[in-house]
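Structure record follows, encoded as structure tokens.
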Amino acid sequence: LKRQGYYVYLPILVGEKLDRAQELIKGLGGEKSRWKASSLKLGQVYQNLTGDMLLSAAVISYLGAFTGIYRDEIITKWKELCVKKNIPCSADYSLNDSLGNQIQIRQWEIEGLPSDSFSKDNAIISDRCRRWPLFIDPQTQANKWIRNMEQDKLIIIKLSATDFLRTLEMSIQYGSPVLCENIGEEIDPVLEPLLLKQTFKSGGVLNIRLGDSAIEYNKDFRFYITTKLRNPHYLPEIP
């Protein structure tokens, strides 16, 4: 009977698996058109990758300080140049589509980043740029976003404070994020090596010079600068 039960049970189990497999295949069959469309889109993205990355690098390097309208005008001219030079690029290019991580952007929005495309592009620029970002922030939206994003780890300084340099040195050594608030049009020259990321190795350890002293540079360190000025004029070395 035990043997008979085994042979009776096995066909039933296999039959159930076949039924489930058929249902799964039917369900996936409905996705065929979507998969085909996604495949065609990915192929087009691959073809346009060279031009899109060229445009993205140009946006990050040159357009961070400008308004959304002016950015769109310049990007349109750049796309025309790409077409003229036979460089493939997307007709509807956007920095968000090219370099944006939608999961990360959603997290930024939860942390207080405005949901408009201009703010998203600014966040991507600040995340991807090689120098420390300066936010022109008269409405303090960027300030609030940075505070929410970094939370309790964030060290807040002002250049008017007497101990700002000592606080900055400690933050660089321990890898703490720093927010320098409400700067004017002039920045203390002692910060120039930091703004330009002029690090060097000494004894196999990464260092940076601030003032008269060289301090160990922690790669986890992050530096944000904000100003409430609407139309500031800074020296070229400031991002």
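Before moving on, here are some points about what is shown:
- In region 126-147, the residues that are farther than 17 Å from Gly100 by Cα and basic (Lys, Arg) form Cβ pairs under 8 Å with partners that are modelled with pLDDT of 90 or more and open to solvent by less than 30 Å² (accessible area, probe 1.4 Å), at six or more places apart or across chains, as follows: Arg147/Leu154; Arg147/Leu179.
- Residue tally, condition in contact with a helix residue (DSSP H, G or I) (Cβ under 6 Å, 6 or more places away or on another chain) and β-branched (Val, Ile, Thr), over region 55-73: 2
- Meets criteria (open to solvent by less than 100 Å² (accessible area, probe 1.4 Å) and assigned to a helix (DSSP H, G or I)) for Gln44: no
- Lys158 open to solvent by 50 Å² or more (accessible area, probe 1.4 Å), in contact (Cβ under 8 Å) with a residue 24 or more places away in the chain and either over 14 Å from Arg222 (Cα atoms) or within 18 Å of the chain's Cα centre (by Cα) (or both): yes
- Failed condition for Tyr217, given (1) within 24 Å of the chain's Cα centre (by Cα); (2) surrounded by fewer than 16 Cβ atoms within 10 Å (Cβ to Cβ): (2)
- Taking region 139-155 as the range and being over 11 Å from Thr226 (Cα atoms), open to solvent by less than 40 Å² (accessible area, probe 1.4 Å) and in a helix (DSSP H, G or I) as the test, the residues that pass are Trp145, Glu150.
- Enumeration of residues in region 118-138 that are more than 15 Å from Ile60 (Cα to Cα) and either open to solvent by 40 Å² or more (accessible area, probe 1.4 Å) or not in a loop (DSSP other than H, G, I, E, B) (or both): Ile136, Pro138
The values are calculated or read from the model by the stated rules, or taken from the named source; none is laboratory data. Everything quoted here is computed from the prediction, not taken from an experiment. Note that we place each Cβ from the backbone using ideal geometry, even for glycine, and neighbour counts take in every protein chain shown. Heads up: the accessible areas ignore ligands, DNA and RNA and are worked out on the full protein's heavy atoms, side chains in. Shrake-Rupley method; radii C 1.70, N 1.55, O 1.52, S 1.80 Å.
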